[in-house]
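Shown next, in structure tokens, is the structure this report addresses.
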Amino acid sequence: MPKKSCAPLTVKTKELPLRIEQAGKLLCSALIKQPVFEGEVRPSPLRRINHYYERFTRKLLRYINTKLRQAAEEQYRYSEENMFPFIPFELRSDFSVTYNHDNVLSLYTDVYEFRGGAHGSTLRFADIWLVSEGSPASPGEFFPEGTNYKKLLINEATELAAQKMAEGTAMYFEDYEALIRKNFSSANIYLTESGMALFYQQYAIAPYVEGIPVFIIPYNAETGPGLPPCEQSAPN
């Protein structure tokens, strides 16, 4: 059995800035912040985790240099032809590590994109890793076997949303209960110190002002979600 790492990984940030210009005019700027992990674990699992984020960065760079660049060039030409001011496009990618010990690593990456107009938009991507394996973990692995964890999380999120609405601390669309069910995704889950976080993308259940709604479902050893204890392999 591979040795599990109970200690947290070391996290470093690799920054990749990018500027796209045309005739000396800035069309688009970008800044990608990529996580790089180190730790006392086998090299191969760590390489798999780091390679995942390297690929994610390459995908973003391809997107910036193709679709986003093309859109910026078209908008720039339109602005020039109609004598409108051109506002440079922008893309920013940053990550937040939310859980990092007991052989579990969890984080999310927010990608913000601005194409002029009143405001930009943000997409969130979440990951849960079993460090000793260097493999992604399904949210279902943190619940007792046979648990309908999707139903449990949806019910918890609906109750939390209703509570926030009653307190006046959040505002959701009128049919938010149906939207919480309809837009649920197992990919939109990460772990925190206090519980499992279920989030919804912008506009999925609430207006823009609410940003990305997040519901934290506390850990529960009986019903889940729960975190298994990290047991180090016995030394030789």
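The values are calculated or read from the model by the stated rules, or taken from the named source; none is laboratory data. Remember, predicted model here, so these are calculated numbers, not experimental data. Backbone-built Cβ (ideal geometry, glycine too); neighbour counts: all protein chains shown.
As an exercise: evaluate TYR149 against (1) of a type in the set (Ser, Thr, Tyr); (2) closer than 21 Å to ARG19 by Cβ; (3) in the same structural domain as ILE216 (by TED's automatic domain parsing) and give the number of the one condition it does not meet. For TYR149, the failing item is (2). Determine, yes or no, whether ILE128 is part of a helix (DSSP H, G or I), at negative phi, in contact (Cβ under 8 Å) with a residue 12 or more places away in the chain and touching a Phe, Trp or Tyr at 6+ places or on another chain (Cβ under 9 Å). Taking the combined requirement at face value, the residue does not satisfy it.
Kindly provide the set of residues from the stretch 20-52 that are outside any strand (DSSP E or B) and either hydrophobic (A, V, I, L, M, F, W, C) or free of Cβ contacts under 8 Å to residues at least 24 places away in the same chain (or both), ordered by number. Answer for the stretch 20-52, where residues must be outside any strand (DSSP E or B) and either hydrophobic (A, V, I, L, M, F, W, C) or free of Cβ contacts under 8 Å to residues at least 24 places away in the same chain (or both): ALA23, GLY24, VAL41, PRO43, LEU46, ILE49, ASN50, HIS51.
Of all the listed residues (TYR208, TYR172, TYR190, TYR149), the sole one being in contact (Cβ under 8 Å) with a residue 12 or more places away in the chain, closer than 22 Å to TYR53 by Cα and among the hydroxyl-bearing types (Ser, Thr, Tyr) is TYR190. Evaluating PHE86 against the criteria (1) more than 19 Å from PRO213 (Cβ to Cβ); (2) in contact with a Ser or Thr (Cβ under 8 Å, 6 or more places away or on another chain); (3) surrounded by 13 or more Cβ atoms within 10 Å (Cβ to Cβ); (4) free of Cβ contacts under 8 Å to residues at least 60 places away in the same chain leaves one unmet condition, (4).
Please work out which residue is farthest from PHE125 (Cα to Cα), limiting yourself to the stretch 212-221 and to residues that are part of a loop (DSSP other than H, G, I, E, B) and without any contact (Cβ under 8 Å) to a residue 40 or more places away in the chain. Checked the stretch 212-221; the qualifying residue farthest from PHE125 (Cα to Cα) is ALA221. With the requirement that a residue be surrounded by 13 or more Cβ atoms within 10 Å (Cβ to Cβ) and in contact with a His (Cβ under 9 Å, 6 or more places away or on another chain), what does the stretch 161-213 give you? Residues satisfying the conditions do not exist here.
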